[in-house]
Every structure is written in C-alpha cells, then in structure tokens.
1. Mind checking the full-extension length gain between residue 125 and residue 256? Use 0.36 nm per residue of separation minus the Cα-Cα distance, one decimal, nm.
2. Note down the nm distance, to one decimal, between modelled labels 7 Å out along Cα→Cβ at residue 141 and at residue 248.
3. Please check which bits of the stretch 174-212 a label hung off residue 269 would reach, taking the label as a point 7 Å along Cα-to-C-beta and the cut-off as backbone N under 17 Å.
4. Efficiency by 1/(1 + (r/R0)^6): what FRET value for residue 56 and residue 228, r their Cβ-Cβ distance, R0 = 51 Å, to the nearest 0.05?
5. Bin by bin, in steps of 10 Å, what percent of the Cα pairs in the stretch 181-273 do you find, going until the bin that has the longest distance?
6. Suppose we look only past 13 Å in the calculated P(r) of the stretch 100-160. What percent of the Cα-Cα pairs does that tail hold?
C-alpha cells in the first residue's frame, strides 16, 4: 500500500518526551483532508451555532461534525487516516453529544476486513444528559507499521433517530517505553564452592531488585534470593550470587527484575548440570587383553555412566 503521510491542522509536540500530535481537529468550514465515512449522513463542516451543538473550547470555531438521523445499529462510521509505527502508543480523544456507546477500531484499510485492534466504551449517564458533551479516550499499542485508519463507530444513540454530534478530536503518538533494564547477560557455572550465577546490566531505570528462581524441572519454580538493583543508572553494573544448596541433578534458573512500582519482567532460563558421574568397574585386563584379578596392582578399566571409558595401566 502506498505510504500516506497525514497531518491535520497542527503537528505540535505536547508536554512530555517523545509525544507528538498527529490530529488536532476542532472543525471549521473546511472539511478535514482524507476523512471518510461509510454513511452519507456525515456532515464534517456542520455549523451548530444556532443550537450550540459544538464545543466552544478551541478558538471559538462554532463547528462540529453531525450524524443526522443517528440511531442504534445504523452503522455510522468515520475513518481518520494515520501512519502507524510498530510498538508506538496512539491515544485518540474526542467528544460526543447523545452517543451512549462507541467502538474505536484501527484498520489497515477503510473497512472492517483488515481490523488491527478493537475497543469499546459506554457512557452510563448518557440517557440523563441530552445536551451534555461526553469525553471518550482510547489508547492502543500498534503492532503494525504503515498507513492505516482510526475508525469511530457510534454504537448506540440516546433518543434516536436524532442528530448526534462529534467535536474536538485529537490523536497523539508516543514513543515506545524503554525497558526497565538493559540486560547484557545472565549465565551460570558450577564451581567448587557452588553454582555461581552472574549477570550484568548496561542501564537500569527505577530498578528496585532482582529475583532468582530455581527448579530441577521446568515447573514448580521456587525463589532463591533477592538482590538489590541500583535504581536508575546508565553505567555498567555486574552482579553475582553463589548458590550452595543444590542436588545431584540439572539445576534451572531464571532472573526477574522488579520496579519500584511493582512491575516486573522475566528473563531467559539457564541451566547448570550438577550431576556427578560415578565410575563403574567393568573388568581389569593386562596388556594382552587377558582378565586379571581385581586386586592386581596398576591396571584398571573403568566405564563411566556418561559413556566415557578410561583404561589405566
């Protein structure tokens, strides 16, 4: 699909790092570029000054979009073109009057057959506020990159068939939230003192502590230890823990990081083989291949349980 770069009215940075307005639409006598609907009842440049069917909040435009003859289930859709980026967050906010519930979808094309995400909300007080503007807000995480659309669907209407109104639509894009830590490695090895577990971080953000979990099978994980993090840092940090309590088996470990706000993230599983192979005496031979008594000095032939064969003369 041809890439569409879309900008309506203003493209301004908002307060906060990495956030940009893509849409800041308050309606005027000029229809928004690229907007479309599956219904011909849309009027994008409706002048509601005579009945105050507009929100006089932004630059006194006295305009709004109108759904004429809106009613429950009459499938009134609005499509707003957007260029999505993978793993970015998109927040759409808008106001309606006489709309009791809405569905907001993201689509690759202006239809419902290429649905990317779907969300719905309900205004529980809609039936008691005929002339009250209601704010809707949705945030979605995009797993899609390329040109697409936000789709607004007026699902249920109060007092319909009637005219319902839409005003002050904004959409802003937020950069992906960075990981709480940048883990360089998590590894382990057996030593004479025990299992040495080591890991390192390149950066940490609000990192309160690490937790190591262990099992001898990929189930029934148990906590081994908590190790304090450094909070927030952009420098290399090295960690290690020596575990002495293990069995003659394969030990599995994984690492978890926990923020100060309680959020956590799991990292990869590693294993350390703590099995000890005991030699089993098969037979004793001389250099001619003849069996000799086991008490003969100097000659032994061992077969280890891991398949290793050692002949000693």
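Computed from the coordinates by the stated procedures, all read-outs in this text should not be read as laboratory data. If you're wondering where the values come from, they're calculated on a predicted model, not measured in any experiment. Quick reminder, even Gly has a Cβ in these numbers, built from the backbone with ideal geometry, and neighbours come from all protein chains shown.
1. Values: separation 131, 0.36 × 131 = 47.16 nm, distance 4.35 nm.
Additional length available on full extension: 42.8 nm.
2. My value for the distance between the label points is 4.6 nm.
3. Zone members listed by number: 186-188, 212.
4. Details: r = 55 Å, r/R0 = 1.07.
After rounding to 0.05, the efficiency reads 0.40.
5. The calculated distribution, bin by bin, is 16, 51, 27, 6.
6. Numbers: 1177 of 1830 pairs.
When all Cα pairs of the stretch 100-160 are counted, 64 percent exceed 13 Å.
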